[in-house]
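The values are calculated or read from the model by the stated rules, or taken from the named source; none is laboratory data. Predicted, not measured: the structure shown is a model, and the values here were computed from it. All Cβ positions, even for glycine, are placed from backbone atoms using ideal geometry, and neighbour counts span all protein chains on display.
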Amino acid sequence: MSIVNFFETVEGTWFSQRTTHFAPGQPSQTGQATLKIARVETSDARVTALCQQCNADANAAIFAYTIQQEGQASLYGSGAATPPRTTLMVGLKSDDDCSGQFFSQTDREPAIAGKYCLEGEVLTLSVRNEEFQSDERLWYMNPNLRMRTSLVKRADGYQMASFCSEIRRSS
């Protein structure tokens, strides 16, 4: 499976159930979210702008998606709605079909550059910079059920691990 084929499977509306564990001494958190993932043409002005911001050639973009997230977090039962967020993600072609560079930007936050690697049918997204490192893995149990894990470590010692199970909602 190529990275383009993998991303063709992500489109749709997903119900996400998340459990997050923080560094020792902090309570765990659960949450639910609705994720709306839509393909964006690689010629879209938003893709071009993000590539320019990251000093990359927009013509090298092979996939682009928006991810709209609306959710609710819960800290031991006290639920609070989180503000809706939209992320644009763009992947660049590379020498092989399974790994390369990606950029993402959520709303008005700074853009992030990272690497993607598809091994078998498991996608790993990795980001490394001076402020933090992050590894996220995604895989499918079947076409309408996917799993996602992430591990984030910040330079100040903060650590967070999460697990999500996500079910595609039918139209």
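Which residues, taken from region 11-32, are touching a residue at least 60 places away in the same chain (Cβ under 8 Å) and either in a loop (DSSP other than H, G, I, E, B) or over 23 Å from residue 71 (Cα atoms) (or both)? Across region 11-32, the qualifying residue is only 23. Just one residue in the set 16, 28 is hydroxyl-bearing (Ser, Thr, Tyr) and under 24 Å from residue 118 (Cβ atoms); that residue is 16. Within region 92-108, the only residue that satisfies the criterion of being outside any strand (DSSP E or B) and among the polar types (S, T, N, Q) is 94.
As a summary of the residue check, residue 61 satisfies the conditions (1) free of Cβ contacts under 8 Å to residues at least 60 places away in the same chain; (2) under 22 Å from residue 149 (Cβ atoms) except for the one numbered (2).
Scanning region 2-34 for residues being over 24 Å from residue 161 (Cα atoms), of a type outside the set (Asp, Glu) and in contact with a Phe, Trp or Tyr (Cβ under 8 Å, 6 or more places away or on another chain) gives a total of 3. As for region 73-96, it holds at least one residue that is in contact with a Pro (Cβ under 8 Å, 6 or more places away or on another chain) and under 24 Å from residue 160 (Cα atoms). Considering only residues in region 114-171 that are farther than 15 Å from residue 9 by Cα and of a type in the set (Phe, Trp, Tyr), the one that is modelled with the lowest pLDDT turns out to be 158.
Kindly provide the set of residues from region 8-45 that are exposed (fewer than 15 other Cβ atoms within 10 Å of the Cβ), modelled with pLDDT of 95 or more and of a type in the set (A, V, I, L, M), ordered by number. Correct list: 38, 45. Of all the criteria given as (1) touching a residue at least 12 places away in the same chain (Cβ under 8 Å); (2) over 20 Å from residue 56 (Cβ atoms), the one not satisfied by residue 91 is (2).
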